[in-house]
Amino acid sequence: MQISLTVNGEQRELEVTPYTRLLDLLREELGLTGVKEGCGKGECGACTVIMNGELTASCLVPAPQADQAEIITVEGLGTKDDLHPIQESFVEAGAVQCGYCIPGMVLAGKRLLDENPQPTEKEVRYGLSGNICRCTGYAKIIDAVMLAADKLAVKGSDSSD
Amino acid sequence: MIRKSPMKQEDRQTISGTDFKEYFQPQSLKEALDIKAEYGDRIQVAAGSTDLLVANYEKLHEIENWLDLDKLDELRRIEVKASKLHLGAMVSHLKLMKSEVVKDKLAVLAAAAEDVGSPQIRSRGTIGGNICTSSPAGDLLAPLLSYEASFKLESAAGERIVAAEKFFTGPKRNLMEADELLTEIIIPLTENEREGAWIKVGRRKALVISTLTLSVVLEFEGKKIVKAGIAMGSVAPTPIRLGEVEAMLIGKKLAELDYQKLGQEVKARINPIDDLRGTKEYREDVAVDVMVRALNEVEGKVSS
């Protein structure tokens with residue numbers, strides 16, 4: 001069957017089967033390999049995308065349910081030369097070890113800061129609670145999201161000047 | 001001696017691409033009910049899919065026929081009608097925990113919704129899915145029993161309303177007929193002060209299947225308890241309501257209750273099993289503690 005969705009701002013028409021997961025669609029059809037498969041059962045958060053504004057485990061979405069959806073993957077945030085402030089903060093805080101969880105962590109961080117621009121550490125932990133870091137590098141990942149909050153706050157006050 | 005581990009040939013299922021027969025994504029409930037009437041239990045219903053895709057991991061292609069309710073926005077409403085709250089079966093956990101009316105009138109249900117899985121699960125998983133999966137560990141189920149919820153089951157032939165307490169018949173089993181869909185959850189509201197507590201015990205704070213859950217909802221006239229809903233998950237083959245313990249509270253004030261003794265009464269009425277989330281003994285001991293904790297929490301919330 002055919003579905004129509006927006007991925008990172010681009011409108012797409014795709015032929016899918018019910019047993020194609022959104023994860024497979026993004027990785028294999030669209031080449032967005034920033035979306036990772038960890039557990040495949042919604043427990044690790046490596047496949048996190050933002051779907052219609054909310055964090056979603058793309059391994060648990062049958063592709064037909066993504067019809068008319070708006071999807072953001074890590075590729076939609078910034079480019080290598082023009083990083084999103086959250087990505088920049090992950091680099092600066094040294095939050096990346098093996099890297100596998102990072103796209104999901106970055107998106108969870110973004111979703112959190114969109115709703116709550118000045119979170120407490122506890123709120124950051126809650127916002128990232130659906131994402132597992134197998135290297136157990138949580139402390140620096142939390143630092144990175146806190147740092148991103150500060151960066152975005154400064155940026156916000158700059159533009160309002 | 002150097003030992004080589006044998007090469008493991010992962011026996012992944014091959015996917016042919018033509019295995020499934022029908023995928024229905026109806027635009028109206030009526031259409032969905034007609035399809036369910038025709039296919040009965042030969043069709044897989046998909047709501048938020050967060051249980052479905054776990055249960056069918058790497059064998060999704062084996063599902064022959066799909067009935068996807070995703071387009072049925074008419075099942076995503078939250079409405080108050082004639083002092084009852086009506087929740088559409090496709091309301092997500094996220095919507096439930098953020099809804100002002102749910103937080104205000106059914107605080108225990110809102111708190112339970114907030115404890116389901118993770119943000120990634122709550123955005124897709126639905127209340128109707130939690131009910132129809134009928135796991136004894138389903139987080140919303142004990143609160144639904146406490147609030148005396150009833151479920152509207154619709155079929156092409158008509159509808160019936162079933163009390164939550166009667167609905168669950170065993171682990172992952174319920175009394176739904178093959179032609180029926182759960183469409184609405186109906187919860188009576190009250191003018192009385194209603195306070196409650198929700199306790200989920202698990203090995204982590206997020207993404208955990210409950211070792212045990214307790215939901216306590218007490219209704220007060222003045223200081224006197226006039227109604228009680230005490231229910232638990234993961235301590236019996238179905239979520240259970242503890243009517244005999246409730247009866248010990250009715251007509252009393254909180255100050256007249258012996259919390260520790262009530263905890264023992266709870267323990268005496270549950271029938272947990274040993275599993276990888278906890279032993280029978282652990283669950284029995286913890287049941288006492290969470291009952292005491294819940295009553296203390298309620299005490300802290302009641303207006304003086």
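Bear in mind these aren't lab numbers, they're just calculated from the coordinates by the rules spelled out. All values derive from a computational prediction rather than experimental measurement. Because the Cβ atoms are built from the backbone with ideal geometry, glycine has one as well, and the counts that use them run over all protein chains shown.
So here's what we get for this one:
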item: Cα-based Rg of the stretch B:209-304 normalised by 2.2 N^0.38 Å, two decimals; result: 1.08
item: Extended-chain gain in nm, criterion 0.36 nm per residue less alpha-carbon gap, residue B:186 and residue B:22; result: 55.8 nm
item: Nearby lysines by direct alpha-carbon distance to residue A:155 (threshold 25 angstrom, same-chain neighbours under 8 apart not counted); result: A:80, A:110, A:122, A:140
item: 0 to 90° range, to nearest 10: angle between helix A:102-115 axis and chain A longest Cα axis; result: 70 degrees
item: Tilt relative to chain A, helix A:138-160 - C-alpha long axis, 0 to 90 degrees, to 10; result: 80 degrees
item: Highest-MSF residue in chain B out of B:113, B:231, B:55 [GNM, Cα springs under 10 Å]; result: B:55
item: Chain A: most fluctuating residue of A:87, A:68, A:11 per GNM, C-alpha cutoff 10 Å; result: A:11
item: Net length gained if the chain between residue B:224 and residue B:253 were fully extended (0.36 nm per residue, minus Cα distance); result: 10.0 nm
item: Given A:41/A:151; B:98/B:301; B:84/B:224; B:152/B:261; B:59/B:200, the pairs whose alpha carbons are separated by over 26 Å; result: A:41/A:151; B:152/B:261; B:59/B:200
item: When the protein assembly as shown is reduced to its Cα atoms, the Kirkwood hydrodynamic radius in Å; result: 23.8 Å
item: Cα coordinate range in chain B, projected on the principal axes (Å, largest first); result: 69, 67, 30
item: In Å, descending, principal axis extents of the Cα set of chain A; result: 47, 38, 27
item: Table column - 3J(HN,Hα) (Hz), the stretch B:68-84, Karplus curve with 6.51, -1.76, 1.60, x for Gly and Pro; result: 8, 8, 4, 8, 8, 5, 5, 9, 10, 8, 10, 9, 9, 9, 6, 6, 10
item: Ranking of B:134, B:215, B:123 by count of other Cβ atoms within 10 Å, fewest first; result: B:134, B:123, B:215
item: Straight-distance crosslink candidates among aspartates and glutamates, where the alpha carbon sits under 13 Å from residue B:105 and sequence neighbours closer than 8 are dropped; result: B:79, B:191, B:193, B:195, B:219
item: Trypsin sites (Lys or Arg not before Pro) restricted to the stretch B:85-127 and DSSP loop, no more than 12 other C-beta within 10 Å; result: none
item: Average other protein chain Cβ within 10 Å of Cβ, residues B:100-112; result: 0
